[in-house]
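The values are calculated or read from the model by the stated rules, or taken from the named source; none is laboratory data. As the structure is a computational prediction, the values presented were derived from the model and not from experiment. Methodologically, a virtual Cβ is constructed for each residue, glycine included, from the backbone with ideal geometry; neighbour enumeration extends over all protein chains shown. Side chains included, ligands, DNA and RNA excluded: accessible areas come from the protein's heavy atoms. Shrake-Rupley method; radii C 1.70, N 1.55, O 1.52, S 1.80 Å.
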Amino acid sequence: MAFLSLANIGKIYVSEGNVAVGIRGVNLSFELGEFVAITGASGSGKSTLLNVLSGMDTYEEGELFIEGQPTSHYLQPDWEEYRAKYISFIFQDYNIIDSFTVLQNVELALMTISDPIERRRRAIELIERVGLKSHMKHKGSQLSGGQKQRTVIARALAKDSPIILADEPTGNLDSETSKEIVELLREVSKDKLLIMVTHNFDQVEHVATRHIRVFDGAVESDQTMIAPAVPAESTSDAAEVPETGKKDENARVSTLSNGFLLGRSIFLSKPKLSLFLCLLLFLGSMAIFLVTAFFGDFQMLFKKNYMFRKEKGRLVIIHQDGSGFTNADVEALREKYGAEKAVRVDYLFDIKDGIQRFASVDLSEVTLDPVSLSFDYDVDYGKPDLGRYPQSANEVLLYVPKYTKPTWDRGLDTPLKLAKGEFRIVGVKYYLDNTRGAVGVLTEDGFKAATTCQAIPFSVDLSLDGADLSDSFYGFMNPDLKENEIVVYTSRVGSDIPTDKLKLHVTVKKTRDDERFGDSFRWNRHNSYGGYGREVNPEVTVLDILIDNPITVQTVAENTSGDGEIVFGSGIAKQIYDAYADGVYAQTSLRFSSEGAAKKAAEELNKNGYIAVTTDTEYKPDFFETLELLLTGGFLAVVWGLAILFIAFFVRLCSNRTVLAFKEDMAIMRSMGIPVRVIRCGIYVRMLLALLPSIILLPIIAFCLFNSPRYDGILRYLQPWQYVFIFGAMLWITWRVTRKQIRVLFGESVKKSLRGGDAV
Ligand code: ADP
Ligand code: MG
């Protein structure tokens, strides 16, 4: 049984309608230890024969036996394995990877050694053996032809395969170098089967053991020669060759680690191209980042609908029957359930609109989302960026997005109309998430006053000796006034009114203004508890407030600002607040130190006949709300998705060129018998390495952007999980692009991509 034999092998090329005979009816047997020289005219089929022997080209007729086993049923993976096990190939045009150093080129063939130190040691040893030690760190492109061929031979040695095929290895070398290469080949091929195509038989005559002549695709003659004596000194050298190091047992681990090493080498060996890929993927990432910042709002599709503004430790309570709470009730509840604080009228916590804009500050550059109000006893916003927390009823700290910074840098200490009261800005605290609503942080007194003015739908009547003078006054609180001071701005009453006879009536009316109730109203609407807020006492409540101080009447011209306004101090506001709370408002809030404490209290309260919920309670949106959400969110999702596809397409288009630069290198690796899965893994690793800078840079850039008030307002702030989204999209794109590259690279047979289908 011959080691390698061909039985009646034929290979036909069909291209563009032309049929060319590569080889036909070839019957040959080879044994280990032979040095076979093949000669023949150009186009006679020498290369074809070698390609078939190497498994790089398929054959159509006959049978190739390796160690007695037939191969005609082999598929691509079987040939890969065959090459990996048996074949080293040496070409006329060297085929080393130009962008790799000699060392890297040789190490590539030593992948079966898993220990990198051992691998390097072995590579250096082999490079010494072919006399290239001084050029170890040179790149392939910097070597002379002879040096390249030596590298290839070192590589073939590294593989330690039993068969070495050489296709005109000296074809491009001068005669002196050719001699050296032939000598080197003879030296290293002891015990192996070496088949060498040459057009200069004289060069190998002294070393060849056999001479095959090929003519027109067929074997013309096959002549065995006398084996030349092997010089003694090289025997010991050759004996070293077979021990290529221990084979790695764990194939998967070695695929990954080899793939990683390979990927890293590819990445580093072509710095310009790698930089281009990095840049490309960075641009892609930036584009996805921007697209997400502009259109990413579709994530509202997954948003939960909360009934209240989410606030840690707050518990909202109503009675089953919908009746109201008195001051004493609220205080008793607070004590019984161990709350830190009771907020009797909690309306302002939940409204998102209805608060007047910061009227007296130039807001031309600022568009603020609705502001809600809170007070500061337990809200930990941290140290203010500007100024301090409020201390009196007419002071406010603004908790606002950072992009509004330029406004507040100028605005500190200016008066601000919030709710229906004037407040002085004494502090500002910034946050980065510009999708959040701003908060005005007040003192508790300030909060009550604001509640009075904003939340309670009242109108103020002035009467003179029981006769109404007007019912169209707007009430405002001005904490700068004395507690019980009242100023009436009017053009209708006139300065001749005997002000000591004026009597102030405050009328609180029930309104059904769903809009103004905001989310909190929904509890009522969707759960039909029937006892929420102003639903309780639908009748008009009239409060007669006795005024000790005389009312100041300021006459103003008709249609000027202030006409029809009644402004009062915080004492009056408090009276209205209490009367309203007693008579109309049926919801109250307790505040606990933690959400857990609030949850525990809620359980008990519910057992004791109340309805109590924490602020993480969700409501089910109704049909129209859902529809609106689906339409807007769905539209944005489609736009986002299309943008991602477009970016993916763009990245793929740009990166296609980079494949061409690698086509030959990949084919060389394959011809060396490096498993496709390792190369594939390497290509993925390279692309992931190229993505790495983006993954590091993007959050840094985003952080800088959102910290810069100039750009922050333009882009929607992205939450950390949205970056996960972006990187997910980027990984997807990278994966697809890489897969495409791999398809391009491995779609053709090795020989085709190696030599462009051209026969030399
Ligand atoms: P040699 O190496 O002896 O010069 P080859 O084996 O390269 O010859 O070519 C043998 C024949 O096969 C030639 O006629 C050549 O034109 C043809 N041939 C080789 N490769 C291809 C190919 N990829 N497509 C079509 N014909 C080919
Ligand atoms: Mg040829």
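Checking each residue of segment 441-464 against the condition of being part of a strand (DSSP E or B), under 27 Å from L481 (Cβ atoms) and modelled with pLDDT of 75 or more gives at least one match. Contact map, segment 29-48: residues that are open to solvent by 30 Å² or more (accessible area, probe 1.4 Å) paired with residues that are within 11 Å of ligand 2 (Cβ to nearest atom), Cβ distance under 8 Å, separation 6+ or inter-chain. Pairs shown: S42/H199; G43/A759. Out of the residues in segment 612-656 that are modelled with pLDDT under 85 and under 30 Å from A339 (Cβ atoms), state the one that is most open to solvent (accessible area, probe 1.4 Å). By that ranking, first place goes to K620. Counting only residues that are part of a loop (DSSP other than H, G, I, E, B) and surrounded by 13 or more Cβ atoms within 10 Å (Cβ to Cβ), segment 308-322 holds 7 of them. Across segment 191-225, the number of residues qualifying as within 23 Å of A158 (Cβ to Cβ) and out of contact with any strand residue (DSSP E or B) (no Cβ under 9 Å at 6 or more places or on another chain) comes to 1. For segment 325-340, filtered to residues that are more than 13 Å from Y610 (Cβ to Cβ) and modelled with pLDDT under 85, the residue that is least open to solvent (accessible area, probe 1.4 Å) is T326.
On the basis of being assigned to a strand (DSSP E or B) and within 16 Å of ligand 2 (Cβ to nearest atom), does I38 make the cut? Taking the combined requirement at face value, the residue satisfies it.
Take the residues in segment 16-27 that are touching a residue at least 40 places away in the same chain (Cβ under 8 Å) and surrounded by fewer than 20 Cβ atoms within 10 Å (Cβ to Cβ); name whichever of them is nearest to ligand 2 (Cβ to nearest atom).
So in segment 16-27, the residues touching a residue at least 40 places away in the same chain (Cβ under 8 Å) come out as 21-27.
Filter again for surrounded by fewer than 20 Cβ atoms within 10 Å (Cβ to Cβ), leaving 21, 24-25, 27.
Values: V21: 14, R24: 16, G25: 19, N27: 21 Å.
Going through the qualifying residues, I end up with V21.
Residues in segment 111-148 that are touching a strand residue (DSSP E or B) at 6+ places or on another chain (Cβ under 8 Å), free of Cβ contacts under 8 Å to residues at least 40 places away in the same chain and of a type in the set (K, R): how many?
Result for segment 111-148: 1.
Within the set Y13, Y59, Y82, the sole residue that is more than 16 Å from ligand 2 (Cβ to nearest atom), open to solvent by 20 Å² or more (accessible area, probe 1.4 Å), farther than 19 Å from Q223 by Cβ and aromatic (F, W, Y) turns out to be Y59. Taken together, T255, T209, T224 contain a single residue that is at pLDDT below 85 and either touching a His at 6+ places or on another chain (Cβ under 9 Å) or open to solvent by 10 Å² or more (accessible area, probe 1.4 Å) (or both), which is T255.
For G62, the criteria (1) in a loop (DSSP other than H, G, I, E, B); (2) of a type in the set (G, A, S); (3) over 30 Å from D202 (Cα atoms) hold in every case but one, which is (1). For segment 1-17, state whether one or more residues are more than 16 Å from ligand 1 (Cβ to nearest atom), modelled with pLDDT under 90 and either under 22 Å from V197 (Cα atoms) or part of a strand (DSSP E or B) (or both). Yes, segment 1-17 contains at least one residue that is more than 16 Å from ligand 1 (Cβ to nearest atom), modelled with pLDDT under 90 and either under 22 Å from V197 (Cα atoms) or part of a strand (DSSP E or B) (or both). Scanning segment 169-199 for residues that are over 14 Å from K148 (Cα atoms), within 16 Å of ligand 1 (Cβ to nearest atom) and open to solvent by 10 Å² or more (accessible area, probe 1.4 Å) yields one hit, H199.
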